[in-house]
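The values are calculated or read from the model by the stated rules, or taken from the named source; none is laboratory data. Note that the coordinates shown come from a computational prediction; the quantities given were computed from them, not determined experimentally. Note: ideal-geometry Cβ built from the backbone for every residue, glycine included; neighbour counts use all protein chains shown. Accessible surface areas use protein heavy atoms only, side chains included; no ligands, DNA or RNA. Shrake-Rupley method; radii C 1.70, N 1.55, O 1.52, S 1.80 Å.
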Amino acid sequence: TLGAADALLTRLLAELSGGPGAALGAGQPTVVRAGALRAIEADLRRYLRHEAATGAQWRPFGLELRFGFQDEQDERPSLPPLELGEGEDHVRIRGMIDRVDVDPAGRAVVRDYKSGAGRPDWPAARWSADRRLQVALYLVVVRELTELEPVAGFYQPLRGDDLRARGLYSLEAGVSGVVDRDGRSPEEFSALLDDAAQRAIAVAARLRAGRLEPCPQTCSRDGCAYPGICRSQ
């Protein structure tokens, strides 16, 4: 289906670039908008070829899969919110998952697209130390709110030298184009999701208590993100 995907991308790129009201680079000079479009096109065509080589038997189940938005004045479908904890620790979470794929057995792969290159805190081994929750909680959403069995969750870069998705997958998942050291046994996979859920509950508790503590040494991958104004330096 690569030819069909290329044709769809060509049409969508034309919509982004056409006319004075085009969404891409609104208000920028024509040459700047054209350059931005060319960069996006190169990234996406490269990714489509990568996807075609590694997609195997997985098929899209949900694109921009929403959860927790039933109360909004919006007719778009949504799963219920993800509910974690009990009593005073109860947390309701909503969001939108970029993509969920399934295989014929009902196993699911979650993907969160990132416009840049890969980052060192994307692999599951770094999730706890670097306070990564996004993909892990998306996997919990699939586990708790659908009838699917989540077996992999990835951050997917669209730029950089290595387009392999990074994150977490079960060694029984049968996914391709991944990094070996991101694989875990089914028991370890489930334990990492449970850990993420508990960390999310703890984060919510700290927010409720007003514990917004500055952490300049770790607030970004390069240390303090705002050294000119940080009062903890």
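I need the calculated FRET efficiency for the pair residue 115 and residue 187, taking r as the beta carbon distance and R₀ as 25 Å, to the nearest 0.05.
0.15
Of the heavy-atom accessible surface of the range 71-119 (probe 1.4 angstrom), what whole percent is carbon and sulfur? Intermediate results must be reported in sequence, preceding the final value.
On the way: 1280 of 2980 Å².
Of all accessible area on the range 71-119, carbon and sulfur atoms account for 43 percent.
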Largest fluctuation, 68, 160, 27 only, Gaussian network model of the chain with Cα springs under 10 angstrom, belongs to 27
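For the range 167-233, with all protein chains present and a 1.4 Å probe, just round the carbon and sulfur fraction of the accessible area to a whole percent.
On the way: 2240 of 4380 Å².
Here it works out to 51 percent.
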For the chain, with a Gaussian network of springs between Cα atoms less than 10 Å apart, report the residue from 222, 112, 103 with the top mean-square fluctuation.
222
Length gained, residue 215-residue 30, 0.36 nm per residue minus C-alpha separation, equals 62.4 nm
Kindly report the accessible area of the chain per residue (heavy atoms of protein chains, probe 1.4 Å, no ligands, DNA or RNA), in Å².
59 Å²
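Quick one: work out Rg over Rh on the C-alpha atoms of the chain, Rh as Kirkwood radius. Could the numbers behind the result be given before it?
Numbers: Rg = 19.8 Å, Rh = 20.0 Å.
With Rg and the Kirkwood Rh in hand, the quotient comes to 0.99.
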Please compute the length gained on full extension between residue 57 and residue 171, using 0.36 nm multiplied by the number of residues separating them and subtracting their Cα-Cα distance.
39.4 nm
Let me have the 222 nm mean residue ellipticity of the chain computed from DSSP H runs of 4+ only, each contributing -39500 (n - 2.57), with the sum over all residues rounded to the nearest 500.
-11000 deg cm²/dmol
Mind ordering 209-219, 192-202 by average Cβ neighbours within 10 Å, highest first?
192-202, 209-219
Rounded Å value of the spacing that divides the Cα centres of the range 66-88 and the range 92-149:
17 Å
Which of 29, 157, 120 moves the most in a Gaussian network model of the chain with Cα springs under 10 Å?
29
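Diagonalise the Cα gyration tensor of the range 117-191 and give the resulting equivalent ellipsoid semi-axes, square root of 5 times each eigenvalue, largest first, whole Å.
Working: eigenvalues 76, 39, 30 Å².
Taking √(5λ) for each Cα gyration eigenvalue gives 20, 14, 12 Å.
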